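Let me begin by presenting the structure, written as structure tokens, before commenting on it.
The values are calculated or read from the model by the stated rules, or taken from the named source; none is laboratory data. This is a predicted model, so every value here is computed, not measured. Neighbour counts are summed over all protein chains in view; Cβ atoms, including those assigned to glycine, are modelled from backbone coordinates with ideal geometry. With ligands, DNA and RNA removed, areas are computed over all heavy atoms of the protein, side chains included. Shrake-Rupley method; radii C 1.70, N 1.55, O 1.52, S 1.80 Å.
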Amino acid sequence: MTAGPLPEGISEVLFTREQIAQRIGELAKSIDDDYADQDLLLVGVLKGAVMVMADLSRAMVSDPPVDWMAVSSYGTGTRSSGVVRILKDLDCDITGRHVLVVEDIVDSGLTLSWLLRNLGSRGAASVEVCTMFRKPGGARVQVPVKYVGFDLPPAFVVGYGLDHAERYRSLPFVGVLADKG
Ligand code: 5GP
């Protein structure tokens, strides 16, 4: 469990460091099994997926290569619009490769659905998604997510890579941000 008082602004811990670590191990095993002997590339979406990617890739025994994209989703406040701009593209060619997009959180799914269309148009053998957190109530578009760490309640959460104005990313647990809940 999390020792001591909660950091300022956090009202509740949803998933502890231990719960996250255990779930990461389970996801890593499933992905290793599903992609055995395949040319798998993990694609992380900066910056939120940094923690998930670091833990997931190290928990996998297949030692998959990792690449990164940074995108910016135009929107107002915490709502995304689905209009996306690539800030940093992949370094490698994904033609004929099995791509697994590693995400921190899927909310409306708008950013992700754009990303899947974009990656799909580059000739990958397959494009699937692993997200650590999902808000089912918020889904505005149907995005096929193959691996989900945890489903969330409809609250604004921070920690384990998820920020609010660049704060809280390095918390080892995921909690609810009090004034956004
Ligand atoms: P969407 O799926 O709505 O297109 O956008 C997902 C993005 O919205 C995430 O990458 C994240 O930056 C942000 N987001 C959505 N819900 C939350 C949340 O509860 N907490 C935090 N920190 N970011 C969120």
| field | Per residue accessible area in Å² of the chain, where ligands, DNA and RNA are left out and the probe is 1.4 Å | value | 50
| query | In what sequence, largest accessible area first, do F156, F173 appear using a 1.4 Å probe? | reply | F156, F173
| field | Protein accessible area in the chain, 1.4 Å probe - carbon and sulfur % | value | 51
| said: Around G123, under 11 Å between beta carbons, what's the net of Lys plus Arg minus Asp minus Glu among the other residues? | reply: +1
| query | What relative contact order, as a whole-number percentage, does the chain give when Cα pairs under 8 Å and 6 or more residues apart are counted? | reply | 24
| Gain in length, D39 to L6, computed as 0.36 nm per residue apart minus the alpha-carbon separation, to one decimal in nm? | 7.6 nm
| note | For the S126, L46 Cβ pair and Förster radius 22 Å, calculated FRET efficiency rounded to 0.05 is 0.50
| Under a plain spin-label model, where a point goes 7 Å from the Cα along Cα-to-Cβ, how far apart in nm are D89 and D163? | 2.5
